[in-house]
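Peer 1: My questions will all concern the structure given below.
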Amino acid sequence: MARSPDDASHVDLTLGELASAVSGESVEVRCWSQRDWRRLIVEENAWDASEEDPELLDGLALTDDGQMHLLLEDCNLLARLKHKDATELRGEEIVNAAYAVSILAHEIGHFVEPEADEATVECTVTETLPELADGLWLDAPEVRRLVRAYRAHARTELPEDYLKDCG
């Protein structure tokens, strides 16, 4: 049985074009199934002596390689935004959408500011969201709704080293 992009790890050309346009860098976006994600993170940990937990890490930017790595479920959710009105999403749906969009924006931030720490990059997320709007088929009210959900839910779940006063 053939696997579809919805359930198999793959390179997402649409997200890659969007990330490249927003960051001004050439970015390849790879979307990983849970099984492949764990393997990727374990391998990356071995190469750079990190101890990242695949269960806690939601995105990875390898700026020197021009690669962004995302969870397949987030890539799929980003693709489905094209067919939804984000202003009508409620509860877990809006939180998940805000989280997926913020992960994309955060990882793009690493290409914009490759030397910045996680907290500095995280401060750029709400600024980057409007730049992602056209590529994610979002209008201004949808972006405002996602920014509010991000601030109220997704940002509050971040680890301490991702948080600082963004001013």
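Peer 1: Which members of the range 37-69 meet the condition of being among the acidic types (D, E) and surrounded by fewer than 17 Cβ atoms within 10 Å (Cβ to Cβ)?
Peer 2: If the condition is that a residue be among the acidic types (D, E) and surrounded by fewer than 17 Cβ atoms within 10 Å (Cβ to Cβ), then E43, E44, D48, E51, E52, D53, E55, D64, D65 are the ones that fit.
Peer 1: Would you please name the residue that is nearest to the chain's Cα centre (by Cα), looking only at residues in the range 88-116 that are surrounded by fewer than 24 Cβ atoms within 10 Å (Cβ to Cβ) and hydrophobic (A, V, I, L, M, F, W, C)?
Peer 2: I103
Peer 1: Name the residues in the range 117-147 that are touching a residue at least 24 places away in the same chain (Cβ under 8 Å), part of a helix (DSSP H, G or I) and loosely packed, with under 13 Cβ neighbours inside 10 Å, would you?
Peer 2: Within the range 117-147, just P141 meets the criteria.
For every residue, the table says whether it meets (1) closer than 18 Å to T126 by Cβ; (2) in a helix (DSSP H, G or I); (3) touching a residue at least 40 places away in the same chain (Cβ under 8 Å).
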site	(1), (2), (3)
E44	no, yes, no
L57	no, no, no
E73	no, yes, no
T87	yes, yes, yes
E92	no, yes, no
Y99	yes, yes, yes
S102	yes, yes, yes
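Peer 1: Still on this structure, please answer the following. Among the residues of the range 148-162 satisfying the criterion of being under 17 Å from the mean Cα position of the chain (by Cα) and among the aliphatic types (A, V, I, L, M), which is surrounded by the most Cβ atoms within 10 Å (Cβ to Cβ)?
Peer 2: A149
Peer 1: List the residue pairs whose Cβ atoms are under 9 Å apart, where the first residue sits in the range 7-18 and is touching a residue at least 12 places away in the same chain (Cβ under 8 Å), the second is assigned to a strand (DSSP E or B) and aromatic (F, W, Y), and the two are 6 or more positions apart or on different chains.
Peer 2: Going by the 9 Å Cβ cut-off, the qualifying pairs are S9/W32; H10/W32.
Peer 1: Give the range 3-35 a look and list any residue that's part of a helix (DSSP H, G or I) and within 23 Å of P54 (Cβ to Cβ), or say none.
Peer 2: Hits for the range 3-35 are L15, G16, A19, Q34, R35.
Each value in this text was obtained by applying a stated rule to the coordinates, not by laboratory testing. Everything numeric here is computed off the predicted structure, so don't read it as measured data. All Cβ positions, even for glycine, are placed from backbone atoms using ideal geometry, and neighbour counts span all protein chains on display.
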